[in-house]
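What follows is a set of notes on a single structure, which appears directly below.
The values are calculated or read from the model by the stated rules, or taken from the named source; none is laboratory data. Quantities reported herein were computed from a predicted structural model and do not represent experimental measurements. Note: ideal-geometry Cβ built from the backbone for every residue, glycine included; neighbour counts use all protein chains shown. Note: accessible area is taken over every heavy atom of the protein model, side chains too, but ligands, DNA and RNA are not part of it. Shrake-Rupley method; radii C 1.70, N 1.55, O 1.52, S 1.80 Å.
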Amino acid sequence: MDATPSGRHGNRTPVTHSPPNAETHRAALAAPLTELDDFYIRSNFPVPDVDPEEWRLTVRDLTGLEVTLSLSELQALGTTCLRTTLECAGNGRTLLDPPVDGTAWTLGGTSTAEFTGVSLKRLFDHLGVSAEAAQECLFSAADQGDKPDWGRIFFERSLPIEDALRDPNGPLLVWAMNGEPLRANHGAPLRLVVPGWYAVASVKWLTAISLLAEPFSGYFQTDQYVYRNAGQPIQPVQRMKCRALILAPDPESAARLEAGEQTISGIAWSGTSAITGVTVSTDGGATWSDAEISPAADRLTPVRWQFPWIATGGDHVLIARAHDDEGSQPLEQVWNELGYGNNVVQRCPVRIEV
Ligand SMILES: Nc1nc2c(c(=O)[nH]1)N[C@H]1C(S)=C(S)[C@@H](COP(=O)(O)O)O[C@H]1N2
Ligand SMILES: [Mo]
């Protein structure tokens, strides 16, 4: 296992020890690809013990087709490499007021990697899987645990069939990350990666893929990972909302800066569309200016942005705000009971010494 039960490991801070959950340090997010020792970890249950030699993936459709494949059989189908950002739907949860229960992420529940695997579409085409009559595609995993009212359950999640079979940039069945074999914490030997979606969709330790004629209503689909507010219908979390992060000046360590020329910089991403702009305020949101954006080489990874600032003495609040085709990052939190999708802008107080 690649997470130590105590203390820091790489540029990660543990959020819970058992199961292993850890967030990525702000500094490690400046690299276009997050180092594996720094990549955030989010697991709902203990890491399952999977023997890669014994491991098989079972695929079932609604016509009675059932095929079982080994890892090498999957790898023989062809290889796609895709760089994309994963973000936990709970990222930013601790910024909510009033606070909510749930894994206590600050803003490090996100990382970016190059994933290697075979697309789900390619696997289905190869096997002759029939999507006819299917509404959803269910992904079942090897990890399990007990939940009140549910008993013993495995981690399972579904996707609407049209999202499952999207191509290109659709779901990928992944066995390598940043060119290295997938690590246990990230779902070895095989995980799903669904570009653009909050990473709960990216099921780790995959064991089975089944087509369903009806919507799936499992625990991780209807009880958790939903936007829930009293008196309103629940909405499942799906695509990542846009977010800008300030990486420099480091909001955690540089609350005091010198007057004069400063560069404010960071990253921004969205699972919905390309980032169309990043605006910056140095006065707590009273006035805004456009940051300069360096587009990412890959559409599914963060853009880098920077903003030159002549800092004058006194207290300032720095804010960066991402914009995409759907709109802009909210200036005020959109509170929900389980604390998902909190992409409220990050406010960084700084004191400039004169
Ligand atoms: N089998 C399984 N897959 C899972 C999870 C899990 O608990 N079990 N957690 C999901 C959630 S909530 C997130 S944010 C991502 C985290 O992926 P990572 O640990 O590789 O960063 O995995 C997703 N896939
Ligand atoms: Mo997550």
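Side notes on the structure shown:
- For Ala291, the amide hydrogen comes within under 5 Å of the amide hydrogens of Val278, Thr279, Val280, counting only partners 5 or more places away or on other chains and with H modelled in the peptide plane.
- Electrostatic dipole magnitude of the chain [Cβ: Lys, Arg +1; Asp, Glu -1; Cα centre; debye, to 20]: 200 debye
- Here the Karplus relation 6.51 cos²θ - 1.76 cosθ + 1.60, evaluated at θ = phi - 60°, turns the backbone of the stretch 306-311 into coupling constants of 8, 9, x, 9, 8, 7 Hz, with x for every Gly and Pro.
- Considering only the Cα atoms of the stretch 148-225, their convex hull presents on average a projected area of 6.1 nm².
- Reciprocal of mean inverse Cα separation for the stretch 200-354 (Kirkwood radius, Å): 17.7 Å
- Distance histogram in 20 Å bins (all Cα pairs of the chain, percent per bin): 29, 56, 14, 1
- Distant-in-sequence amide contacts of Ala176, defined by a placed amide H-H separation under 5 Å and a gap of 5 or more residues or a different chain, comprise Thr116, Leu182.
- Each residue of the stretch 103-110 was assigned a 3J(HN,Hα) from its phi angle through the Karplus curve 6.51 cos²θ - 1.76 cosθ + 1.60 (θ = phi - 60°); the sequence is 3, 8, 6, 8, 10, x, x, 7 Hz, with glycine and proline shown as x.
- Heavy-atom accessible surface of the stretch 77-166: percent carbon and sulfur, 1.4 Å: 48 percent
- Excluding ligands, DNA and RNA, the accessible surface per residue across the chain is 43 Å² with a 1.4 Å probe.
- Normalised by residue count, the stretch 247-339 yields a Cα convex hull volume of 127 Å³ per residue.
- Part-to-part distance (alpha-carbon centres) for the stretch 124-159 and the stretch 64-112, which is given in Å: 15 Å
- Among Pro249, Pro148, Pro236, the largest mean-square fluctuation in a Gaussian network model of the chain, built with springs joining Cα atoms closer than 10 Å, belongs to Pro148.
- Derived scalar couplings ³J(HN,Hα) [the stretch 132-148; Karplus, 6.51 cos²θ - 1.76 cosθ + 1.60; whole Hz; x for Gly, Pro]: 4, 6, 8, 9, 9, 10, 9, 10, 10, 10, 7, 7, 8, x, 9, 10, x
- Taking the centroid of alpha carbons for each part, the stretch 249-289 and the stretch 296-322 are 3 Å apart.
- Share of carbon and sulfur in the accessible heavy-atom surface of the stretch 226-354 [1.4 Å probe, %]: 49 percent
- Lysines whose Cα lies under 21 Å from that of Lys147, excluding same-chain neighbours fewer than 8 positions away: Lys204
- Amide H to amide H distances under 5 Å link Arg239 with Tyr198, where only residues 5 or more positions off or on other chains count and H is placed in the peptide plane.
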